[in-house]
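Written below as structure tokens is the structure these notes are about.
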Amino acid sequence: MCLAIPGQIKSIESPIGDVSRMAKVSFDGILKEASLELVPEAKEGDFVLVHVGIAISVVDKDEAQKTFDYLKQIGELDDLQH
Amino acid sequence: MKYLSEYRDPHMVKEYIEELNQIVTRQWKIMEVCGGQTHSLVRNGLLEMMPSQIEMIHGPGCPVCVTPLGLIDKAIYLAEQDNVILCSFGDMLRVPGSEKSLLQAKAEGAEVRILYSPLEAVKLAKETPEKEIVFFAVGFETTAPANALSVIHADRLGLKNYSILTAHVLVPPAIEAVMQDEESHIQGFLAAGHVCTIMGMQEYYPLVDKYKIPIVVTGFEPVDLLQGILMLVRQLETGRTELENQYSRVVRENGNPKAIETILQAFEITDREWRGIGTIPESGYQLRENYASYDANRKFDIQQGEVSESEICIAGEILKGIKKPKACSAFGKECTPEHPLGAPMVSSEGACAAYYHFSAITSSESIASK
Ligand code: SF4
């Protein structure tokens with residue numbers, strides 16, 4: 001549960017009653033919602049490190065790709081599928 | 001394996017191992033605090049590849065494992081109330097309480113939902129006004145902003161049917177507790193990269209000064225871990241005691257100030273009981289007074305029976321790094337991930353589960369030989 005996974009911001013919106021800046025984030029193809037409240041500087045196309053539905057930092061694109069490759073190998077991305 | 005990323009590069013792994021072999025002159029005990037790092041060290045066979053002088057001690061860094069039994073019992077009690085939906089991260093479900101786990105309670109009809117994020121629980125509260133939604137808010141500093149945000153969101157939405165059962169623990173006080181324990185002789189720490197992504201480095205300078213120990217903030221991929229260990233051993237061998245940052249591609253000196261601000265908006269520091277270890281002063285978060293109505297502990301009158309731990313389980317010694325999982329007489333026999341006696345066998349980040357799942361990995365299968 002402590003893992004934070006990088007994903008790419010596809011679109012930004014505010015669905016829960018306008019209380020939060022939310023985004024659709026792609027984790028190597030798997031789309032999930034994440035809050036961008038803690039990364040006000042993040043914009044569409046950026047890669048963010050996401051932990052339990054909250055983006056906690058903006059990361060470099062190449063770094064993100066390397067982490068995907070690693071997570072895929074160890075099967076951790078499967079955890080997102082449910 | 002089609003493609004090996006840089007962090008798993010066998011060539012780099014070999015180079016780090018070679019350098020470790022060259023510089024190490026004596027026995028060192030190093031603790032990795034984070035359970036995610038334990039998992040990665042064991043599953044990638046790194047423990048067997050390292051020079052025998054370097055002993056990795058697995059720390060208390062799995063929030064699932066250190067959540068007190070009494071709180072698990074409370075979560076089960078709440079789940080069994082007719083008007084409550086108890087929501088939790090998946091890892092908590094199989095953790096044994098005094099009589100049963102949340103999973104058993106669910107099988108008996110209690111409403112328990114596994115969620116990926118506490119924000120989903122807020123959404124559920126909005127959509128299900130006739131039910132009380134309780135989120136089991138477990139975690140280290142990494143997870144605290146998410147749990148804090150859930151309460152802040154619920155408050156902004158004016159929801160009256162959302163609350164959290166808080167079981168938050170903090171890393172620096174745990175390092176202090178390990179240093180103050182006479183039985184554990186740790187000489188250096190790998191600090192948890194994702195915790196420091198939130199909190200930054202500030203809290204670790206005083207620990208380096210007070211205990212004269214080197215600390216290296218480290219990521220969780222194999223090459224990260226070996227590089228962190230190498231940085232630590234270089235310090236140990238040259239008698240330096242400094243705070244260094246191996247994970248600088250993610251961790252900034254001041255962490256994420258917005259996240260820290262969010263945590264402090266909702267939470268204040270409190271003493272906290274750690275399962276298997278006992279109470280550590282100022283080692284957890286509880287909701288502030290102005291959010292008291294979102295605190296499940298204060299909102300519900302929770303009836304609790306006798307709290308009783310398994311007599312065989314030595315989780316306390318495992319969590320403090322005094323014993324290794326294989327030293328437990330129940331390991332792999334009475335205690336397995338299917339029938340866990342203690343929390344370190346439940347969570348994938350628990351030391352016992354890591355050893356159980358990957359004990360078949362030998363050095364011949366490890367990544368350096370691929
Ligand atoms: S193997 Fe099982 S019983 Fe033994 S310490 Fe680990 S969790 Fe407890």
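The values are calculated or read from the model by the stated rules, or taken from the named source; none is laboratory data. Everything numeric in this text was worked out from a predicted model, so none of it was measured. Note that we place each Cβ from the backbone using ideal geometry, even for glycine, and neighbour counts take in every protein chain shown. We work out accessible area using only protein heavy atoms, side chains counted, and drop any ligands, DNA or RNA first. Shrake-Rupley method; radii C 1.70, N 1.55, O 1.52, S 1.80 Å.
Per-structure values
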read-out	value
Sum of side-chain charges, B:Ser329 neighbourhood, beta-carbon under 12 Å (Lys, Arg +1; Asp, Glu -1)	+1
Residues of type aspartates and glutamates that B:Lys210 reaches as a straight line, Cα spacing below 18 Å, ignoring anything fewer than 8 places off in the same chain	B:Glu176, B:Asp181, B:Glu182, B:Glu242, B:Glu244, B:Glu282
For chain B, built as a Gaussian network whose Cα springs stay under 10 Å, the top-fluctuating residue of B:Gly219, B:Gly332, B:Gly158	B:Gly158
Cleavage-rule hits, GluC sites (Glu not before Pro), the range B:179-224, DSSP coil, Cβ neighbours within 10 Å at most 14	B:Glu182, B:Glu183
Environment charge at B:Gly200 (Cβ cut-off 13 Å; Lys +1, Arg +1, Asp -1, Glu -1)	-2
Positive-end extreme of charge dipole, the range B:35-123 - chosen from B:His58, B:Leu41, B:Val84 (charges on Cβ)	B:Leu41
DSSP-defined beta bridges in the protein assembly as shown - what % are antiparallel, rounded to 5	45
Portion, in percent, of the accessible area of the protein assembly as shown that falls on carbon or sulfur, probe 1.4 Å	48
Rg/Rg_ref, the protein assembly as shown, where Rg_ref = 2.2 N^0.38 Å and atoms are Cα	0.94
Chain-alone versus full-assembly comparison, the range A:38-60, residues with accessible loss of at least 50 Å² (1.4 Å probe)	A:Leu38, A:Val52, A:Ile54, A:Ile56
Prolate/oblate/rounded label for the range B:217-349 (Cα gyration tensor, a/c 1.5)	oblate
Where a label projected 7 Å from the Cα of B:His357 along Cα→Cβ would reach, residues of the range B:70-106 with amide N under 16 Å	B:90-95
Cα extents of the range B:1-133 along the three principal axes, largest first (Å)	65, 35, 21
Hits among lysines - C-alpha to C-alpha of B:Lys326 under 24 Å, sequence gap 8 or more where chains match	B:Lys29
Computed helical MRE - 222 nm, chain B, DSSP H runs ≥ 4 contributing -39500 (n - 2.57), nearest 500	-10500 deg cm²/dmol
Centroid-to-centroid separation of the range B:90-138 and the range B:140-189 [C-alpha atoms, Å]	19
Buried solvent-accessible surface, both chains (A, B), 1.4 Å probe, Å² to nearest 100	3500
Chain B: radius of gyration and largest Cα-Cα distance (Dmax), Å	20.8, 66
DSSP-loop GluC sites (Glu not before Pro) across the range B:209-254, with at most 10 other Cβ within 10 angstrom	B:Glu253
Heavy-atom accessible area ranking, 1.4 Å probe, most first, across B:Arg113, B:Arg275, B:Arg26	B:Arg26, B:Arg113, B:Arg275
Shape of the range B:169-272, Cα gyration tensor, a/c cut at 1.5	oblate
Nearest-0.05 FRET efficiency for B:Gln304 and B:Gln202, computed from C-beta distance (R0 25 Å)	0.10
Contact order normalised by residue count of the range B:315-358, Cα under 8 Å, 6+ apart, percent	32
Cβ charges +1 (Lys, Arg) and -1 (Asp, Glu), total dipole of the range B:1-314, debye	720
Solvent-accessible heavy-atom area per residue, rounded to whole Å², over chain B at 1.4 Å	39
Cβ-based charge dipole, chain B, positive-most Cα from B:Asn161, B:Ala351, B:Pro96	B:Ala351
Cleavage-rule hits (GluC sites (Glu not before Pro)) in the range B:281-313: DSSP loop, at most 12 neighbouring Cβ within 10 angstrom	B:Glu306, B:Glu311
Heavy-atom accessible area, 1.4 Å probe, ligands and nucleic acids excluded: residues of the range B:127-167 down by at least 30 Å² from chain alone	B:Thr142, B:Thr143, B:Ala146, B:Leu149, B:His153, B:Arg156, B:Leu157
Chain B: Cys lacking any partner C-beta under 4.7 angstrom	B:Cys34, B:Cys87, B:Cys196, B:Cys313, B:Cys328, B:Cys335, B:Cys352
Most mobile of B:Pro337, B:Pro68, B:Pro51 in a GNM of chain B (Cα contacts under 10 Å)	B:Pro51
For chain B, built as a Gaussian network whose Cα springs stay under 10 Å, the top-fluctuating residue of B:Lys29, B:Lys299, B:Lys333	B:Lys333
Residues of type aspartates and glutamates that B:Lys74 reaches as a straight line, Cα spacing below 19 Å, ignoring anything fewer than 8 places off in the same chain	B:Asp82, B:Asp91, B:Glu99, B:Glu108, B:Glu111, B:Glu132, B:Asp271, B:Glu273, B:Asp295, B:Asp301, B:Glu306, B:Glu309
